[in-house]
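All of the numbers you see were taken from the coordinates with simple rules; none came from a lab. These numbers come from a predicted model, not from an experiment. Cβ sites come from the backbone with ideal geometry, for glycine too, and all protein chains shown count toward neighbours.
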Amino acid sequence: MNSNAGTEAIKLLIVDDHPLVRSGIQSIIQMEPDLTVCGEAEDHDEAMAAIAEHGPDLVLVDISLKDSNGLSLLKDIKQNHPDVLTLAVSMHDEYTYAVRCLKVGAKGYIMKQAGTEKILEAIRCVLGGKTYLSEGMTQIALDQLGSENPVGSPVEILSNRELELFQLTGQGKEIAEIAKIMNISPRTVEVHRSHIKKKLGLRTSTDIFQTSYEWLKQNGMLP
């Protein structure tokens with residue numbers, strides 16, 4: 001973490017379930033004399049506790065977290081800490097997630113693969129009170145932000161909760177495990193599955209698993 005004599009550094013919190021990724025992002029931030037990493041977290045609960053303890057100016061949030069979901073975390077940060085800025089930093093396809101992140105409160109979305117300069121550019125942009133998206137995503141976001149249901153991949157018509165459940169299903173999670181992770185009842189899991197089947201034109205829970213598994217593989221979300 002940086003120490004700055006005579007001035008108070010801008011505090012950033014890193015939320016990612018991979019220690020090496022957190023270390024890499026911290027190394028990028030350490031290059032900036034006016035920025036400091038005030039804490040790290042690997043899941044929703046750790047992140048909320050760290051925000052309450054450290055009072056960061058900006059929280060960098062990955063979409064996939066340990067036993068939790070970045071979209072839910074972004075929404076909770078917005079509701080409970082409205083003055084704290086958030087930036088989604090993820091490996092996941094921006095065309096699927098960027099608009100969703102903005103709608104729940106994030107001020108930007110940057111792919112981890114973008115490189116050091118772009119990540120710092122995104123951080124500076126958000127800290128400067130602006131919204132950061134890649135050039136290719138900006139117009140798409142403007143078109144979609146006014147729409148409740150973004151168009152494109154069939155998966156994009158799912159709600160945030162349905163998408164979270166869809167992903168967990170593709171990861172091989174059973175109903176009881178999904179219910180625990182999402183903090184909902186097994187009955188609600190079944191209701192969400194019914195909605196997913198209807199929206200995606202699927203017939204069975206096995207169809208959901210197969211479709212989700214293939215989608216996760218295509219988007220690099222599974223090994």
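Table for the structure above
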{"read-out": "Listed pairs 130/173; 11/199; 66/197 exceeding 32 Å between Cα atoms", "value": "130/173; 11/199"}
{"read-out": "Relative packing of 162-174, 182-194, 116-128, which averages over residues the other C-beta atoms within 10 Å, highest first", "value": "162-174, 116-128, 182-194"}
{"read-out": "Simple Cβ-charge dipole of segment 154-218, Lys/Arg +1 and Asp/Glu -1, about Cα centre, in debye nearest 20", "value": "160 debye"}
{"read-out": "Over segment 10-144, relative contact order from alpha-carbon pairs under 8 Å, at least 6 apart, %", "value": "19 percent"}
{"read-out": "Derived scalar couplings ³J(HN,Hα) [segment 161-176; Karplus, 6.51 cos²θ - 1.76 cosθ + 1.60; whole Hz; x for Gly, Pro]", "value": "5, 5, 5, 4, 5, 4, 5, 4, 4, x, 7, x, 6, 7, 4, 4"}
{"read-out": "Nearest 10 degrees, 0 to 90: helix 135-144 Cα axis against the chain principal axis", "value": "50 degrees"}
{"read-out": "Under 5 Å, built H, 5+ apart or other chain: amide partners of residue 9", "value": "4"}
{"read-out": "Residue among 163, 204, 215 farthest towards the positive dipole end of segment 154-218, charges placed on Cβ", "value": "204"}
{"read-out": "14 Å tail of the calculated P(r), segment 51-93, as % of Cα pairs", "value": "46 percent"}
{"read-out": "Sum of -39500 (n - 2.57) over DSSP H runs of 4+, divided by residues of the chain (222 nm, nearest 500)", "value": "-15500 deg cm²/dmol"}
{"read-out": "Note, ³J(HN,Hα) from phi for segment 56-62, Karplus 6.51, -1.76, 1.60, rounded to Hz, x at Gly and Pro", "value": "x, 7, 9, 10, 8, 10, 7"}
{"read-out": "Candidates 108, 24, 70, ranked by Gaussian network fluctuation over the chain, Cα under 10 Å, top entry", "value": "24"}
{"read-out": "Relative contact order computed over segment 154-218 (Cα-Cα under 8 Å; 6+ residues apart), in percent", "value": "42 percent"}
{"read-out": "Vicinal HN-Hα couplings computed from phi for segment 124-132 (Karplus, 6.51 cos²θ - 1.76 cosθ + 1.60; Hz; Gly/Pro x)", "value": "5, 4, 5, 5, x, x, 9, 9, 10"}
{"read-out": "Dipole in debye (nearest 20) - segment 44-98, about Cα centre, beta carbon charges: Lys, Arg +1; Asp, Glu -1", "value": "120 debye"}
{"read-out": "Dipole magnitude of segment 10-144, debye to nearest 20 (Cβ charges: Lys/Arg +1, Asp/Glu -1, about Cα centre)", "value": "380 debye"}
{"read-out": "Long-range HN-HN contacts of residue 37 with modeled amide H, under 5 Å", "value": "2, 12"}
{"read-out": "Antiparallel content of DSSP bridges confined to the chain, in %, to 5", "value": "10 percent"}
{"read-out": "Long-range Cα-Cα pairs in segment 154-218 (distance over 16 Å), rounded percent", "value": "35 percent"}
